[in-house]
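Below: one structure, written as structure tokens.
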Amino acid sequence: MGRRPVDASPDGWATQLSSASNLTDYDEARRDFSWAVAQRFLSGLPDARGINIAYEAVDRHVATGRGGHVAIRSIGRHGTRELTYRELMTLSNRFANLLRSLGVGPRARVFTVLGRQAELYVTALGCWKNTSVLSPLFAAFGPEPIRNRLLLGDGEVLVTTTSLYRRKIAPQRDQLPALRHILLIDAPGEPPAGTIDLGTALAAQPDEWTIPATSPEAMALLHFTSGTTGTPKGAIHVHEAVVAHHVTAAFALDLRPDDVFWCTADPGWVTGTSYGIIAPLTHGVTLLADDGDFDAARWYQLLADNHVTVWYTAPTALRMLMRAGTEMAARYDLSALRHIASVGEPLNPEVVVWAQEAYGMPVHDNWWQTETGAIMISNYPSMPIRPGSMGRPMPGVEAGVLRCGDEGRAAVTDGQVEVLGADQVGELALRPGWPSMFRGYLHDDARYLAAFAGGWYLTGDLARIDADGYFWFVGRADDVIKSSGHLVGPFEVESTLLEHPAVTEAGVIGVPDPIAGEIVKAFVTLRAGYQPDEALRGELLAFGRRRLGAVAPRDIAFDQNLPHTSSGKVMRRLLKARELGLPEGDLSTLERPR
Ligand code: ATP
Ligand code: MG
């Protein structure tokens, strides 16, 4: 392979990367990449008026003759609805006109408390067209987390459903003086006092809209983190981020215009926005929007009926599918599937191996955060996967591992940090400079500044890099357990327990111990048919000892309902707080039934 790709467009780069047959080829393909060049492969607003996410996601396709292609197929309890790119353009134009007619200006915060319904996409795109700022929240949030985020984020507009409004917002509306407009997507006829029916209001708006000049640095998104380790933070993202969304979706997710793409993430989580809305639309794909709850059989049916080609999901869902069994997967025609990727939590090697058996292809793990806005480390489509590894850095991303101090975070001496070599565990860090890098935590500059040292952004995760440049997740700095002089990453212990046939999910924490400092305690969820009795406990403890030696769990509890965040992560800090009888802390993102 030559040093310079023939076709230097992101798609050309993607082809180059996917045809690379060894790591040296990957590294060559990476070397010539620059974000400045990548930016040229999005159109930018006409007449060089900057870059706007909604233009790249929608209007651009209409301008190039793909307006008739289906952009969104939304499915779920609200029925099925398809919107072409042209229809999405018109509706989002009307939404932008509506915002203007309500006096909602640039930079104003537009919140959604919605599932994956067509109106969500119209709102997001229309909001960006008006250069207002989108902040999507989980519909499953209770009244308090909604109020806290609306207050912290200075919410001016809220788009939601009548029932969510009545249950969660109306009772506390007097506490939200800055919230000027409430748009309900399903209140034709007589909307509740002080609200507007969105459909009626949109129908009255003109179809045309000229996107105003948009600075690449204009704020576009306010995204709250999952709150796995504490109070959620409001990460600020700008319009330029779309360059990273587009490029990483080509490289890591292998997206092409004729794909049917399903990202199972809720828009209240950054994955549901970066890859549930923006990236797929910039590629002109048909995106499947499912508003239903997880159910193994229903999910397989969706994959089969819609001929999904690329599927982006999360470890917790994959573990549940694994629990449902290989035989169930075999009952559905998944032949259209070409690529499966996962994010959000460590992907257990057991799951990668099982997927190969059940789907005939592995799952491609990738790593990123609300703060990074886009995939940073990934298993590229044709890269040899090492089960359990997050993969290697994306083109344009420099990642390293820094030596930690006593508190388990990167040690900073006189503003300097030390980059570790192969196979040493330290804090995962990134060199700032990619377009979707967050530009701040809203109203919390101190916390933002504290996330940087020695020219690196510190991620708060611990990792190691092997001799071939593959990254291995060790744990969150807060979750790592120190036991008898060993540093134990809960992920490794959890993954080992998952290899036992009785176990489908595990959460591992450190419990204080006078001799060892901390001992490892595991909470495990059992597969159907296994009894949570002393015999099984003994067997699991012995299994752990055999496989893990000194870092094996010393105590095992059975728990069929491990606490998860709304974005599907095991909440270890809650397991720990309960174990130690400590305050449970901020539980706003604890997954609860709707
Ligand atoms: P908070 O920052 O509020 O505690 P959070 O970190 O869970 O919440 P997100 O931004 O949604 O919020 O999640 C990013 C984190 O998720 C990463 O820092 C990492 O800990 C974890 N993560 C994401 N992808 C992976 C992966 N592939 N492997 C392991 N961990 C992952
Ligand atoms: Mg985080």
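Coordinate-derived values only; no laboratory data. Keep in mind that this is a model prediction, so the values were computed, not measured. Note: ideal-geometry Cβ built from the backbone for every residue, glycine included; neighbour counts use all protein chains shown.
Below are the figures for this structure:
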| quantity | calculated |
| --- | --- |
| Share of pairwise Cα separations in segment 481-580, more than 15 Å, in percent | 59 |
| Helix 10-19 axis, angle to the chain major axis (alpha carbon atoms, nearest 10°) | 30 |
| Distance from segment 69-98 to segment 297-355 (C-alpha centre basis), Å | 27 |
| Between segment 563-585 and segment 131-145, the Cα center-to-center distance that results, in Å | 22 |
| Rounded to 10°, Cα long-axis angle of helix 534-548 versus longest principal axis of the chain | 90 |
| Whether segment 276-394 is rounded, prolate or oblate, judged on the alpha carbon gyration tensor where a/c under 1.5 counts as rounded | oblate |
| Where only alpha carbons of the chain are counted, the Rg and the Dmax (Å) | 23.6, 72 |
| Residue-averaged 222 nm ellipticity for the chain, from DSSP H runs of 4+ at -39500 (n - 2.57), nearest 500 | -8000 deg cm²/dmol |
| Whole-Hz ³J(HN,Hα) from phi, Karplus 6.51 cos²θ - 1.76 cosθ + 1.60, for segment 415-427, glycine and proline x | x, 10, 10, 10, 7, 8, x, 4, 6, 9, 8, x, 7 |
| Most to least packed among 413-425, 228-240, 259-271, 352-364 [average Cβ atoms within 10 Å] | 259-271, 228-240, 352-364, 413-425 |
| Rounded to 5, percent antiparallel among DSSP beta bridges of the chain | 55 |
| With Cα atoms, 0 to 90° folded angle of helix 315-324 axis to the chain main axis | 70 |
